[in-house]
Every structure is written in C-alpha cells, then in structure tokens.
1. Per residue, how much space in cubic angstrom lies within the convex hull of the C-alpha atoms of the chain?
2. Against the longest principal axis of the chain, how steep is helix 83-100, in degrees 0 to 90 to the nearest 10, with axes from Cα atoms?
3. What is the projected area of the convex hull of the Cα atoms of the range 1-89, averaged over all directions, in nm²?
4. How large is the dipole of the chain about the Cα centre if only Lys and Arg carry +1 and Asp and Glu carry -1, each at its Cβ, rounded to the nearest 20 debye?
5. For the pair ASP204 and VAL50, what calculated FRET efficiency results from E = 1/(1 + (r/R0)^6), where r is the Cβ-Cβ distance and R0 = 45 Å, to the nearest 0.05?
6. Note down the relative contact order for the chain as a percent, whole number, built from C-alpha pairs under 8 angstrom at least six residues apart.
7. So if I take the alpha carbon set of the range 30-129, get Rg, then get Rh from the Kirkwood formula, what is the Rg over Rh ratio?
8. Report, in degrees rounded to the nearest 10, the 0 to 90 angle that the Cα long axis of helix 174-187 makes with the longest principal axis of the chain.
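Here, each number is a calculation from the coordinates, and none is a lab measurement. None of these values were measured; they are calculated from a predicted model. Positions of Cβ are backbone-derived with ideal geometry, glycine not excepted, and every protein chain shown enters the neighbour counts.
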Amino acid sequence: MTKEELALEIIGRLKKEYPDAGCTLDYNQAWKLLVSVRLAAQCTDARVNVVVEDLYARFPDVDALADAPVEEIEKIVKPCGLGHSKARDISACMKILRDDYKGKVPDDFDKLLKLPGVGRKSANLIMGDVFGKPAIVTDTHCIRLVNRMGLVDGVKEPKKVEMALWKLIPPEEGSDFCHRLVCHGREICTARTKPYCEKCCLNDICGKKLV
C-alpha cells in the first residue's frame, strides 16, 4: 500500500469512527476563534472555553478588546498560562483587525500569518473552520499520529509535517481529517498512556511506530 493509498484508507475509517468531529474551541464569530487559538497554546481547549466567557463578558467585541488595557486582558486570561504574552498578542491583533480590516478576520492565509501570535497551525485552523478552505492543522496530535501510522517518517517539525501531508491528503479532507486525529489521539492513540491499539479502527493498517 502506497502512502497515498494508506492516507485515503485512514481518512475513510476515521470518518466512520468520528463522523461529527470538529473544533473543540467554542466560538460563534471568527475573531473569537482567533482569540481562543492564541489562548490554547500550552493550555487545554476546555480551560480556554471557560476563560473566554469572562473575557467576552467584559469585552464583547473587537473594538472593546482593541481598546482594553493589556493589563486587564492579562488578569482574565492568566489561568491559560503565559498571560502577559497572550494578552499582548490578543490586544495587538484586535487593534489590527479594527484598524486594517474593519473588524473582520481576513480570509487570506498570508495575511493571517502577519497577525500577532498567529502561526501556521492557527492560520490553517481559521482557514478551514471559519472559511471552509483547504487546511491542515499540524498540532501535537496530528504530528504524533501521522508518524505512528507511517504517513510521515520521523518528521516532527510542524511545517514539514504539513507540507508532507499536503501531498497525501485531498485538500477538501484536510481540515476534518485533522479534527478526527485530535479525537483519535485523545481517545485511542494516546500520548501519556499506552495506546489502545486493540480498540483502534486502524489496527490492521497502522505502522505502529510507537516511540
């Protein structure tokens, strides 16, 4: 089985296993996902979802958050860790949205990358989830699982993994595929315990490179 064939088989099986997989960050507007993605660095999505409730109650829109003192933002987001740098990035990002994009999140990958605190992973998440465009989000689950499965071989750098997957994953499948990898990584192909290979829907085709 070629890597391309393996990728398609994995996509099909994960689609059956996790038909409703999606982003686990709560948001109802694009700018809120931008904020949550920045807060999610080295923090769980569950905690971010709790913290942003207080943040949006205090600062309910882009203008309010852009005008907010960084110190006030930091007090609220501190439970997510790295409070100062995250608050600084969120403040700067909202100012750019207000001043340059009329309060809207740009639907251009390169423009997203220029926003403070936005890297390739965040930009891809927004492109896929908000704008429905081809995207591959190489988070820790994705990197771990595609190496274990044999889709990539010992590649740990996020951008290199992303570039390798673009060659294997149909563009329209990329975003959902990555969400399903998160579900699979949390439930079956775990990092902190021995993976539950006996319950895995990919057991017979996985490379099982458990390192």
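1. Numbers: hull volume 24.2 nm³, N = 211.
Roughly 115 Å³ of hull volume per residue.
2. Between helix and principal axis, roughly 70 degrees.
3. Hull-based average projected area comes out at 7.5 nm².
4. On the way: 34 positive and 32 negative charges, 145 e Å.
Computed charge dipole of the chain: roughly 700 debye.
5. Values: r = 40 Å, r/R0 = 0.88.
Efficiency at R0 = 45 Å is approximately 0.70.
6. Details: 257 pairs, mean separation 46.3, N = 211.
Relative contact order of the chain: 22 percent.
7. Working: Rg = 12.2 Å, Rh = 13.2 Å.
Computed over Cα atoms, the ratio is 0.92.
8. 80 degrees
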